[in-house]
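Below is one structure; the comments refer to it alone.
The values are calculated or read from the model by the stated rules, or taken from the named source; none is laboratory data. Keep in mind that what you see is a predicted model, and the values were worked out from it rather than measured. Using ideal geometry, Cβ is built from the backbone for each residue, glycine included, and neighbour counts are taken over all protein chains shown.
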Amino acid sequence: MNEHTKIPMQQAPLADPGTVDYVRTGPGTLAGTYMRRFWHPIYCSRDLEPGRSKPLTIMSQKLALYRSQEGAVHCVDNRCAHRGAMLSTGWVEGDVIRCPYHGWAYGPNGQCVDQPMEIAGFKKNIRIGGYPTQEYLGFIWVYLGEGDPPEFVRYPEWEKASFVSPQIDTRACNWFQNIENYQDEAHVWFTHKRSALEGLDLNALPKLSCEKTPWGLRMVAKKQDGNERIVQFGMPNVCMFMVHPDNIKRQGEESTREETMWQMFLDYRVPVDDETHLQVHTIATFMNGPPSEEYKKRWKDFANAEAEAHDVAQRVLRGELHYDQIAEMCHHVPLAQDEVVQVGQGVIADRRRGIENLGATDVGIVAIRRLYTEELTALAEGRPLRKFERPEGLLPKGGADH
């Protein structure tokens, strides 16, 4: 879609009149059209074996993701153009995926390439959506927009890391609630008081500020000792921040040599639909020498603790556990803590004035809503959009010596 093509302005749900809708991202929506202008990580590469396919929903769009026997990854709409069966339930034959209902087959670009029992020439008129893919940093990325995709963004710091752990989990609330959580530095000093972030000296409240960057926004929490915790947000849905090395420890475990190095997170938040989203984490550790097998095992245990964190968070939300018990009950403590405060707002949070009351500490919340309003308004009016790029050296800071 040409950026000068006008799209009707849409009102956000559960918001004051005139609020631009950055909540809903399905096909044809304003925010969905904007989000489809970017590449998004949607699946862990290690979880898609050669010759297999998986059903996915991204921004309310049903997709079939499959890997050829030779290893190439492809993505097409998950609906056969014949009778609507799910292609992900069919067979992968080289770079082609075949429907299990009547055998129609489609290539990576969505073109129908075979129709057993049909008249010759019919297949050339049949095509479904086919989408470009990339594999990078342990993830499969997809571009769901129209026309040629933009240049693929790379992160050289993660390519040079001693150890990288790619992880994806799902959170049952609207994606923008998590996007706003990135900009909410005040929550760190309360939500994560008992977690790996306690090394920030969470009893001393910081001074908060937020400013625009060529990439998006820069949130700064300046502590009383002069140290700054800096979080970098990149449009439309990526964040960089640093976490204390004890992040992957269980309660009572001793630190190891490798855990003296701070970890740098590259996080994406990708809508599944308007009520669910993916949390995509790429965690990089920088150290002298290769990581030990013990360190790798701890990371594997940490990555596998997502279900445990979700269960603990749900028990807190149901009143079966107290919030202070999270640190004792699960391995992935910040994950459970954030789920409690985000999902507890409702599947789609009510942002109407008087129900939500923003204060001076919400500078980041105001900034991200304003930034999205500017971009979506420009898109709706057919005006040129900003080109967001991360300058070399634009990185987060942990807020303590690291």
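So here's what we get for this one:
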| quantity | calculated |
| --- | --- |
| Selection status of residue 275, part of a loop (DSSP other than H, G, I, E, B) and either in the same structural domain as residue 344 (by TED's automatic domain parsing) or in contact with a Cys (Cβ under 6 Å, 6 or more places away or on another chain) (or both) | yes |
| Which listed residue, of 46, 98, 37, 52, is basic (Lys, Arg) and over 30 Å from residue 237 (Cβ atoms) | 98 |
| Enumeration of residues in segment 34-71 that are polar (S, T, N, Q) and out of contact with any Gly (no Cβ under 8 Å at 6 or more places or on another chain) | 57 |
| Leading residue by the ranking (farthest from residue 39 (Cα to Cα)) among those in segment 359-372 that are under 22 Å from the mean Cα position of the chain (by Cα) and surrounded by fewer than 16 Cβ atoms within 10 Å (Cβ to Cβ) | 366 |
| Filter result for residue 226 (surrounded by fewer than 17 Cβ atoms within 10 Å (Cβ to Cβ), over 23 Å from residue 385 (Cα atoms) and of a type in the set (Gly, Ala, Ser)) | yes |
| Evaluation of residue 224 against (1) at pLDDT 80 or above; (2) closer than 27 Å to residue 153 by Cα (one fails), failing number | (2) |
| Qualifying strands (runs of 3 or more DSSP E) (wholly inside segment 88-197; at least 3 residues being under 26 Å from residue 219 (Cβ atoms) and polar (S, T, N, Q)) | 163-171 |
| Scan of segment 105-142 for residues that are without any contact (Cβ under 8 Å) to a residue 60 or more places away in the chain and of a type in the set (A, V, I, L, M), ordered by number | 105, 113, 117, 119, 120, 126, 128 |
| From 356, 389, 375, 381, residue being buried (at least 18 other Cβ atoms within 10 Å of the Cβ) and farther than 30 Å from residue 302 by Cβ | 375 |
| In segment 292-311, residue nearest to residue 347 (Cα to Cα) [restricted to those that are modelled with pLDDT of 85 or more and surrounded by fewer than 19 Cβ atoms within 10 Å (Cβ to Cβ)] | 311 |
| Residue in segment 329-342 that is more than 22 Å from the chain's Cα centre (by Cα) and touching a residue at least 12 places away in the same chain (Cβ under 8 Å) present | yes |
| Residues of segment 334-353 classified as assigned to a loop (DSSP other than H, G, I, E, B) and surrounded by 19 or more Cβ atoms within 10 Å (Cβ to Cβ), total | 2 |
| Selected residue [within 30 Å of the chain's Cα centre (by Cα) and either crowded, with 19+ Cβ neighbours inside 10 Å or among the aromatic types (Phe, Trp, Tyr) (or both)] from 131, 101 | 131 |
| Conditions (1) surrounded by 16 or more Cβ atoms within 10 Å (Cβ to Cβ); (2) at pLDDT below 95; (3) touching a Lys or Arg at 6+ places or on another chain (Cβ under 9 Å); number of the one not met by residue 7 | (3) |
| Residue check, residue 373 touching a Phe, Trp or Tyr at 6+ places or on another chain (Cβ under 8 Å), part of a helix (DSSP H, G or I) and touching a residue at least 60 places away in the same chain (Cβ under 8 Å) | yes |
| Near pairs, Cβ below 8 angstrom, 6+ apart or cross-chain, from segment 91-102 (assigned by TED's automatic domain parsing to the domain that holds residue 65) to any residue that is crowded, with 17+ Cβ neighbours inside 10 Å and at pLDDT below 95 | none |
| Tally of residues being buried (at least 19 other Cβ atoms within 10 Å of the Cβ) and among the aliphatic types (A, V, I, L, M) across segment 82-95 | 2 |
| Scope segment 58-81; condition buried (at least 22 other Cβ atoms within 10 Å of the Cβ) and not polar (S, T, N, Q); matching residues | 58, 59, 63, 64, 65, 66, 67, 74, 75, 76, 80 |
